[in-house]
Amino acid sequence: MRRRLNSWTIGDYIIALILVLIALSILIPVWYVIVVSLVPQHVYFQTRLLMFPHELTFANYNHVFQSNLIRTGFMTTIFITITGTLYALALNVSFAYALLKPIPGRGIVWVLLLITMFISGGLFPSFLMMVNLGFMNNRLAMVLPFGINIVWVFLLQAYMRTLSNEYEESARLDGAGEMTILIRIVLPLCKPILATVALFAAVGRWNEWFNGLMYMQFSNLWPLQLVLREILSNAGQLVQGLPADARIVTFNIGIQMASVIVTMLPIVCVYPFLQRHFVKGIQLGGVKG
């Protein structure tokens, strides 16, 4: 380690300092949010630099978890995250694999797919379509519009092109069909890029709120991010409704910060397990394509 440091130039130290400052600019706000969510009201107002508080409480988290909206929001978001991720994987994988084959009209399909990158159907036609299909107040309205993504198709195709054709040729000699080759040969070899696409899809569905606002008229169908929006806007009213002794430790900013941590923590805990596959999938799918 010392030998490496001794071989550093002034430019290396400057780059290291810049990276440390960038890391601190990211970590300090996150740490501040965590601290504010864990301190009583009087500590928050009496302490100027609230980085290492001397008194902690879970009252804000208890208040957040007592909310029925949080519980139903978690269930809705977990449902649309799992369903939406599997749905996106199934569509994008099968679409990317099919367009690798010399099928008639493949060029036209690619042109139509590329057009969607620049032109969308518009908000009003999309709303009318979902309403006419009967998806108003249906959780699938937060899943079905997000199937094919052209960037994910590009990444999947680029990765599939790096696979050796010998596997497919051997499988065909044994009488395997396209679906068998895709499920039993191609997919096991595409784990890094599948993890990458799954992470993109899962984060997108976990952060879903706009379609929930558009199509969910009842609060028990709201996704977690829409519930968080409601809590952030009404935290002051929630605190005023508490007993006087509870307001000593519970305050609106603490409730807001606790809600942010609750909604953010699950996806943050999942990311480290997929990070290795994510980096590998991006490198192979983006560079070798």
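The values are calculated or read from the model by the stated rules, or taken from the named source; none is laboratory data. This is a predicted model, so every value here is computed, not measured. Using ideal geometry, Cβ is built from the backbone for each residue, glycine included, and neighbour counts are taken over all protein chains shown.
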Pairing a residue in the range 192-206 that is within 16 Å of T263 (Cα to Cα) with any residue that is not β-branched (V, I, T), where Cβ atoms lie under 7 Å and the two sit 6 or more apart in sequence or on different chains, gives G204/F146; R205/G84
Of the residues that make up the range 23-40, is at least one farther than 22 Å from V262 by Cβ and over 28 Å from the mean Cα position of the chain (by Cα)?
-> no
Does the range 45-60 contain at least one residue that is in a helix (DSSP H, G or I) and in contact (Cβ under 8 Å) with a residue 40 or more places away in the chain?
-> yes
Keeping to the range 215-224, report how many residues are buried (at least 18 other Cβ atoms within 10 Å of the Cβ) and more than 9 Å from T76 (Cβ to Cβ).
-> 1
Identify, by number, the condition in (1) at pLDDT below 80; (2) part of a helix (DSSP H, G or I) that W8 doesn't meet.
-> (2)
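Results for (1) surrounded by fewer than 16 Cβ atoms within 10 Å (Cβ to Cβ); (2) under 30 Å from I183 (Cβ atoms); (3) within 22 Å of the chain's Cα centre (by Cα), shown as yes or no for each residue.
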position	(1), (2), (3)
V43	no, no, no
Q46	yes, no, no
Q66	yes, no, no
A90	yes, yes, yes
V109	yes, yes, no
G121	yes, no, no
Selection over the range 217-260 where residues are part of a helix (DSSP H, G or I), farther than 22 Å from Y32 by Cα and modelled with pLDDT under 75 yields a count of 4
So T263, is it of a type in the set (S, T, N, Q), touching a Gly at 6+ places or on another chain (Cβ under 7 Å) and either modelled with pLDDT of 85 or more or buried (at least 21 other Cβ atoms within 10 Å of the Cβ) (or both) | no
Only one of (1) exposed (fewer than 13 other Cβ atoms within 10 Å of the Cβ); (2) farther than 30 Å from L189 by Cβ; (3) touching a residue at least 24 places away in the same chain (Cβ under 8 Å) does not apply to L114, and that is (2)
